[in-house]
Structures are given as structure tokens and as C-alpha cells.
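Written below as C-alpha cells is the structure these notes are about.
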Amino acid sequence: MENLDTFSTVLFVDECLMDEERTHAFENAIQNTVKAGDIVVDAGTGSGILALFSARAGAEKVYGIEIDEASAALARKSVQANPDGKKIEVVVADARSFTLPAAADVVTMELMDTGLISEQQAVVMNALRKGGVIDSHTKLIPSKVVCAAELVSYDFDFYGFHMPLVMQARNNGVDARVTNYFSEKTPYQNVDFSDIVETLVKSRVTITPTKDGEVNAIRLTTQTFLTSEITVWGTSDMNMPVVIPIKPIQVKVGENVNVLIQYEMGKGFENFSLIVE
Ligand SMILES: C[S@@+](CC[C@H](N)C(=O)[O-])C[C@H]1O[C@@H](n2cnc3c(N)ncnc32)[C@H](O)[C@@H]1O
């Protein structure tokens, strides 16, 4: 039958691999965390790179869980091409239903997009905790994320048309059209993976303008804590800034702006709402 897949598996997996800022940050966090003899679960293994880092750091066994058969085939190729790969077992499964006889020592996972709006990081972390793969001794990479919002003006005019759409692009591509920044990044949600995560976001954030002018968008960003010391904001392929159009408002220094942000993590922009109050 004709393959009607909309996206290229190879592109998705390779874009992650090419994102050196992201991948080196994970490498350092894994090197600092995984100890000799550890049992590691890498949920959403893609190319297998995070599993290979854990194997190289001394893990006794690494389970690379991948929901997509084609991506798992790529992971198997990486695993077979490297001596450390013999400690890695690639498992084709939905990580939400993966279980082990005992909790893992370390779980690595990069199913992240800005605000965890579309991807499954929080949902999969919760499922692994409920299924016993994560317990109180399991070290998590990342351990938490902080989601932030800021006031900006944005050029939504494309090729002679006004297109006030949600803007998201690799390589921080949306930022080229930010014409002015009117506030600091202001946290609206702290997501701590050390316990079950509340996936329903209903957050009223008060943003303080740093200058006067017209704001027509909110820029969302996310800071990832791979460990308490190793943190990273948006990289070329992970948690890139997202711009949400709003009805233009005049802001003034000294007059705070209240924004209500609501969504269910992992369900995408179709279930996202942002209201300036
Ligand atoms: C952003 S990529 C990261 C790949 C790799 N871990 C890395 O860091 O380069 C996310 C991967 O997770 C897989 N994935 C998404 N949801 C999953 C799930 N519920 N269970 C297992 N794998 C999943 C995707 O197919 C994709 O290969």
C-alpha cells in the first residue's frame, strides 16, 4: 500500500542528533548521573544516542524504548555499530505501557516541546512512575522544566498576507520576526518530574512590561533542568520558542498584564488557550 506518512522518520531522528547543544547537554548529564552497574531506561530512544551515552557511562543494561518501528530500526543500527551497544536492548513499545521487574536506576527521556504542549514527556513520566519503572530512587534526566511567557511584538505579515498564526520553527526560526521584547521571561508553570505531574495547566501569570508599546503576541519558552546543574533553554530542535498571537494591546511600564494560559500537556495546540485578561 502507498505510504501516506506525513512526516519523515529519518528527518525527525536526525534533527535531534544534529542538535549538538541539546545532545551534549544530555551527554554531560548522563555522564554525571549514570554509575557502573546501573539499569537505565531511555524512553523514546530514536537514534539510540541517549542509550549509547548511558552504556558508555557504565550502565550494565539499557532499555531503549521506541514506539515507532522505523525509528527503532535506526536505533538498532546505531547499537550494532558500537561496542557499547551490546548493553542496549531496543524494545518496540509504547513507553507508557513498558514495565520492568524492578524500578530503573536512571530514566532518560527527550519527548519535549515548548511548554510540553504537544509532546508526551509528562504523560510518559507519569505512566512509568505508575507502572513502577520509576520509584523514589530513580534518577531522572531531565528532572524538571520551567515554562515561561513574555510580551513581544511580532511581524505576522507573510508574502503580502496578514497571518496571525501560532508560530513554531526549528533553529529558533520564529525569533527573526520578533520586532520588540516588552518583558522578561516570566515563569507560568514549574514541572517537577520527581512526582506525578499535573498535566492540566491552568495558570494565571502576571507579566511586568519593561517598556511602553503595542504587544501583539506572547512568546513561550522553556528551560530544561537535565540535572540541577545542567540546564538548557531552547536549542535548534528542542523547546524552540513559540509565538502565540493575541489581539493587540497597549502596554505601559508600571501596568502589569495578566495572562491566563490553559492546556492539557501532550494534546497539542488544538487544546491550547491563552487569554489576556
Ligand atoms: C524527540 S525524539 C528523541 C530521540 C532521542 N532520544 C534523542 O534524544 O535524540 C523522541 C522519540 O520518542 C519516540 N516516542 C514518542 N512517544 C513515545 C512513546 N509513547 N513511547 C516510546 N517512544 C515514543 C518518537 O518516536 C521519537 O523517536
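Bear in mind these aren't lab numbers, they're just calculated from the coordinates by the rules spelled out. Just so it is clear, the model here is predicted, and its values are computed rather than measured. Here Cβ is always computed from backbone atoms with ideal geometry, including for glycine, and neighbour counts include all displayed protein chains.
What does a probe at LYS267 reach in segment 198-219, counting residues whose amide N is under 18 Å from the point 7 Å along Cα→Cβ? Hits in segment 198-219 for LYS267 at 18 Å: 198-204.
A simple rule links phi to the HN-Hα coupling: the Karplus curve 6.51 cos²θ - 1.76 cosθ + 1.60 with θ = phi - 60°, which for segment 31-47 gives 4, 7, 10, 6, 10, 3, x, 5, 9, 10, 10, 10, 8, x, 6, x, 6 Hz, with x for Gly and Pro. Taking square-rooted eigenvalues a ≥ b ≥ c of the alpha carbon gyration tensor, is segment 194-236 rounded, prolate or oblate, where a/c under 1.5 means rounded and, failing that, a/b exceeding b/c means prolate? Verdict is oblate for segment 194-236. Lysine pair count for the chain with Cα-Cα distance under 23 Å and sequence separation of 8 or more or different chains is 28.
Restricting the calculation to Cα atoms, segment 9-110 yields a radius of gyration followed by a Dmax of 12.3, 35 Å.
Packing around the peptides 44-53, 202-211, taken as the average count of other Cβ atoms within 10 Å per residue, puts them in this order, highest first: 44-53, 202-211.
Work out the P(r) tail for segment 113-153: percent of alpha carbon pairs separated by more than 12 Å, whole number. Tail of the P(r) past 12 Å holds 68 percent of the pairs.
Can you tell me the convex hull volume per residue for the chain, based on C-alpha atoms, in Å³ to the nearest whole number?
Values: hull volume 39.2 nm³, N = 277.
Looking at the chain, the number lands at 142 Å³ per residue.
Segment 6-27 and segment 84-113 have Cα centres lying 18 Å from one another.
Couplings 3J(HN,Hα) of segment 195-209, computed from phi: 8, 4, 8, 6, 7, 8, 8, 9, 10, 9, 10, 9, 10, 9, x Hz, in residue order, whole Hz [Karplus 6.51 cos²θ - 1.76 cosθ + 1.60, θ = phi - 60°; x for Gly and Pro]. Using a cutoff of 8 angstrom between alpha carbon atoms and counting only pairs six or more residues apart, the relative contact order for the chain works out to 18 percent.
Suppose only helical runs count, i.e. DSSP H with n ≥ 4. What mean residue ellipticity at 222 nm does that imply for the chain under -39500 (n - 2.57) per run, divided by all residues and rounded to the nearest 500 deg cm²/dmol?
Working: 5 runs with 54 residues, N = 277.
Dividing the helical sum by the residues of the chain leaves -6000 deg cm²/dmol.
Taking every C-alpha pair closer than 8 Å and separated by at least 6 residues, the mean separation divided by the residue count of segment 202-253 gives a relative contact order of 50 percent. Measuring spread by the Cα atoms of segment 144-276 yields a radius of gyration and Dmax of 15.0, 49 Å.
Express as a percent, rounded to the nearest 5, the fraction of DSSP beta bridges in the chain (both residues included) that run antiparallel. It would help to have the intermediate numbers written out before the result.
Working: 44 of 61 bridges.
Among the beta bridges of the chain, antiparallel pairing accounts for roughly 70 percent.
Between the amide H of VAL90 and those of GLY64, distances stay under 5 Å, these residues lying 5 or more places away or on another chain, with hydrogens modeled in the peptide plane.
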